[in-house]
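Reviewing the structure listed below.
Bear in mind that the values in this text are calculations on the coordinates, not laboratory data. In this text, all values refer to a predicted model and were calculated from it rather than measured experimentally. Every residue, glycine as well, gets a Cβ built from its backbone with ideal geometry; the counts of neighbours run over all protein chains shown.
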């Protein structure tokens, strides 16, 4: 799926999702930092009118090679509702996080990143994990990213997944402007969170996952 296709889709699609302006995640700081970003030890998120308490289970730095230099892109933090389910082993990290009822990945950007570069990076990470980027769920998520525009230095991008009683999962996506959209589908944690917790698409994501495993 080309970026032009994604842009056209974003302009024409009528999205069956909630849209709001809010801080999706309320965090409790730990006193620790990663590349100048203040890390959290816990957080809470409002899902289906209920506040869900979360524990931070990992944090790491995402870098990207530009020409001959590795530049800092964002710090990622992972939160889950049941910390005891998380297994800090390479092959089990993604599936264990996906077993939690509620899971969160929040990215705090360390530089301005153009919207198309964000989408290309996410697309490549999904392809590396054999995720269908033409599926309805991924196409909708990419359309939200198009609408969100450039990722700005110091701003956050948040992905929240929550299991529903009918076996589906809801993904809530908050862009760096604070706009929240949602999409419902099957196994969305495994699919979307594979970008960081699955097979690394490049060396920068490999190093990020190594930090998340500590």
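Structure notes:
- For the range 3-212, the Rg and Dmax computed from alpha carbons only, in angstrom: 15.8, 49
- The alpha-carbon atoms of the range 99-214 define a convex hull whose volume equals 102 cubic angstrom per residue.
- Computed over the chain, relative contact order equals 23 percent, with contacts defined as Cα pairs under 8 Å that lie 6+ residues apart.
- Cα centroid separation, the range 162-214 to the range 89-120 (Å): 5
- Under the criterion of Cα pairs below 8 Å and six or more residues apart, the relative contact order for the range 113-214 equals 27 percent.
- Gain in span if fully extended, residue 35 to residue 85, counting 0.36 nm per residue against the direct Cα distance: 15.2 nm
- Model label sites at residue 168 and residue 199, defined 7 Å from Cα along the beta-carbon direction, differ in position by 2.9 nm.
- The range 24-79: C-alpha gyration tensor shape, a/c 1.5 cut-off, then a/b vs b/c: prolate
- Averaged over residues, the count of other Cβ atoms within 10 Å places the peptides 84-93, 173-182 in the sequence 173-182, 84-93, highest first.
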